[in-house]
Amino acid sequence: MPTYDYVCDGCGHAFELFQSMTDAVKKTCPECKKKKLRRLIGAGGAIMFKGTGFYKTDYRSESYKKGAAADTGGKADGGKAADGGKSAGGSGKSGGE
């Protein structure tokens, strides 16, 4: 059940009211008893993620990991070359020698 914000245009009393979405809008102020109560438009609810976060590798089964390793050619490091990224046949040095 949502919480609604109300304000009285007669006396300025503002408060929050926890009520069902199907309940009627309140009209009478609990302070001054005048029928000048108005429900405010709220920002609404939001999803809040708490904690350290979620990663794409969380909760992966062993069968998924084996299938992913087979798709990348058996390299568990995501398909990176074992020589540190040096090109095949190159000396690893740049520039003219």
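Look at (1) assigned to a loop (DSSP other than H, G, I, E, B); (2) over 30 Å from Y4 (Cβ atoms); (3) at pLDDT 65 or above and you find that I41 fails only one, number (2). Looking across the stretch 1-35, the residues that are among the hydroxyl-bearing types (S, T, Y) and not in a loop (DSSP other than H, G, I, E, B) come down to T3, Y4, Y6.
Beta carbons closer than 9 Å, at least 6 apart along the sequence or on distinct chains, pair a first residue in the stretch 51-64 that is surrounded by 10 or more Cβ atoms within 10 Å (Cβ to Cβ) with a second that is at pLDDT 70 or above for R60/A68.
The values are calculated or read from the model by the stated rules, or taken from the named source; none is laboratory data. Treat the numbers as computed from the prediction; the structure is a model and nothing was measured. Ideal geometry is used to build each Cβ from the backbone, glycine not excepted, and the neighbour counts take in all protein chains shown.
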